[in-house]
1. For R136, are the conditions met, namely being of a type in the set (K, R) and touching an Asp or Glu at 6+ places or on another chain (Cβ under 6 Å)?
2. When you go through Q114, Q62 one by one, which is the residue that is farther than 18 Å from G7 by Cα, at pLDDT below 95 and of a type outside the set (A, V, I, L, M)?
3. Mind listing whichever residues of the range 144-161 are farther than 12 Å from V191 by Cα and among the β-branched types (V, I, T)?
4. P159 - would you say it is surrounded by 13 or more Cβ atoms within 10 Å (Cβ to Cβ) and either under 15 Å from A69 (Cβ atoms) or not hydroxyl-bearing (S, T, Y) (or both)?
5. Can you tell me which residue among A5, A11 is crowded, with 16+ Cβ neighbours inside 10 Å and in a strand (DSSP E or B)?
6. Among the residues of the range 95-117, count how many are part of a loop (DSSP other than H, G, I, E, B) and either under 17 Å from A142 (Cβ atoms) or touching a Pro at 6+ places or on another chain (Cβ under 9 Å) (or both).
7. Looking only at residues that are aromatic (F, W, Y) and in contact with a strand residue (DSSP E or B) (Cβ under 6 Å, 6 or more places away or on another chain) in the range 10-65, which one is farthest from S198 (Cα to Cα)?
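The values are calculated or read from the model by the stated rules, or taken from the named source; none is laboratory data. This one's a predicted model, so the numbers in the text were calculated from it and none came from an experiment. Every residue, glycine as well, gets a Cβ built from its backbone with ideal geometry; the counts of neighbours run over all protein chains shown.
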Amino acid sequence: MMQIAHGFSSAMTDGLFRAMFEARKSVFVDLLRWDVRVVNERYEIDQFDNEHAVYLVIPGPQGEHLASARLLPTQREHILGTIFPGLCVEKPPQATDILEITRFCLSRQMRAQQRMEVRNQLVSALVEYALGNGIRSFTGVAEWPWFQQILSFGWTCRPLGLPSSDNGRNLVALQIDIDRGTRELLRANGVFRQVGLSDLAAAA
């Protein structure tokens with residue numbers, strides 16, 4: 001069951017979500033060497049982790065973190081609009097029904113087969129969250145190899161500008177449109193998984 005937390009304060013009161021911030025540090029700082037803030041030498045937390053962020057986490061059988069993503073409202077400060085607006089040919093999309101996907105994170109402890117399965121679960125959960133909350137599009141910033149994977153899922157995805165180099169990374173701004181047909185598009189490419197969503201606040 002996918003777990004959802006609304007707001008940074010809510011996330012930090014729960015052990016699974018604290019493990020998410022630890023996993024982010026392991027992936028984005030230790031592995032990928034991103035120059036981002038680390039708190040207490042343990043958690044990767046940036047300026048966008050605030051009361052407006054929404055966190056989705058897939059737990060393992062022992063309650064451990066397997067995968068997670070953060071969603072940011074595009075009408076407030078977010079990564080594409082605040083840090084990388086130049087990646088877009090036009091103004092970055094902003095609306096109440098458009099969210100930005102950030103910090104898509106898969107645990108480093110998984111083997112390749114489990115990693116792909118959990119990735120598919122997380123992608124499917126993002127779609128279910130969008131459909132259940134009136135979200136029509138996701139935006140994001142991706143490195144070129146990851147952008148190619150995102151395209152291969154089969155959903156309606158397009159670049160918002162040409163790739164651009166940033167500190168040795170080739171980055172692309174993208175937009176993914178979500179509607180009732182998205183499940184079938186993912187299913188046709190072997191990506192869609194049936195997932196349940198559990199709201200942390202509702203369960204408390």
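1. yes
2. When all the criteria are applied, what remains is Q62.
3. T156
4. Against the criterion (surrounded by 13 or more Cβ atoms within 10 Å (Cβ to Cβ) and either under 15 Å from A69 (Cβ atoms) or not hydroxyl-bearing (S, T, Y) (or both)), P159 qualifies.
5. Result of the check over A5, A11: A5.
6. Here the count works out to 1.
7. F28
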